[in-house]
1. Would you mind telling me the share, in percent, of accessible area of the stretch 111-153 contributed by carbon and sulfur at probe 1.4 angstrom?
2. Determine the order of C23, C38 by accessible area, beginning with the largest, at a probe radius of 1.4 Å.
3. Mind checking the per residue accessible area of the stretch 1-55 for me, 1.4 Å probe, whole number of Å²?
4. Rank these residues by their accessible area, most exposed first, probe 1.4 Å: T63, T56, T152.
5. Which entries in K25/K78; K81/K159; K25/K79; K60/K151; K79/K159; K78/K159 show an alpha-carbon gap greater than 25 Å?
6. With a 1.4 Å probe and every protein chain left in place, tell me how much accessible area H71 has, in Å² to the nearest 10.
7. How large is the accessible surface of K25 in square angstrom, using a 1.4 angstrom probe and rounding to the nearest 10?
8. Using a 1.4 Å probe, how large is the accessible area of L57, given in Å² and rounded to the nearest 10?
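The values are calculated or read from the model by the stated rules, or taken from the named source; none is laboratory data. Here the structure is a predicted model, which is why all the values come from computation and not from measurement. A quick note on method: Cβ atoms are made from the backbone with ideal geometry, for glycine too, and the neighbour counts reach across all protein chains shown. Remember, those area values only see protein heavy atoms, side chains included, never the ligands or the DNA or RNA. Shrake-Rupley method; radii C 1.70, N 1.55, O 1.52, S 1.80 Å.
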Amino acid sequence: VAAANRGDDTAFTALYDRHAPYCMKLAMRFAGEYELACDAVQDTFTYFYQKFPGFTLTAKMTTFLYPAVKHNALAVKKKSKRAQGDHDSEALLGVAGGEQDPANQEESGDLRALLAQLSDGHREVLMLRFNDGLLLEEIAEMLQIPLGTVKTRVHHAVKKLREDPNIKKFFFG
């Protein structure tokens with residue numbers, strides 16, 4: 001960050017190379033389509049680049065990038081839906097990564113259906129906690145919500161999933 005603040009473009013490239021995969025994973029989660037996720041990541045790094053010189057990192061880089069990626073991914077998804085005339089309110093459940101193994105598509109679809117039962121807020125904290133492995137404190141900082149709210153959302157999301165009889169097949173076959 002210090003080198004990028006001094007105008008070193010190779011330093012910014014290094015920041016991009018280090019954090020673009022994380023951003024792409026998040027963008028896929030919120031945008032749901034590869035092309036839209038690419039646009040969101042590009043918009044995020046354009047925004048980030050404009051912060052230099054003078055950028056001060058006050059938290060982890062992932063904490064800084066998360067809200068920007070989320071906002072950009074949701075914005076490109078909304079813009080795409082408007083352009084296509086598709087106004088449904090389908091939940092954003094994108095799975096990180098490109099092509100899926102055909103053998104896992106059915107299981108992935110079943111898991112998506114289970115997660116679709118959750119509100120956006122509950123699903124988001126659950127994915128950050130268990131998919132991304134973040135600490136509750138990190139999630140609170142990233143989403144800019146109280147730690148107690150994060151704990152409550154995780155608790156209620158897990159409770160709701162446990163109540164679904166289909167969840168057992170993901171853990172017990």
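1. With neighbouring chains kept in place, the figure for the stretch 111-153 is 55 percent.
2. C38, C23
3. About 54 Å² of surface per residue is accessible.
4. My answer, sorted largest first, is T56, T152, T63.
5. As for pairs spanning more than 25 Å Cα to Cα, those are K81/K159; K79/K159; K78/K159.
6. Approximately 120 Å² for this residue.
7. About 70 Å², ignoring ligands and nucleic acids.
8. In the full protein context, L57 sits at about 70 Å².
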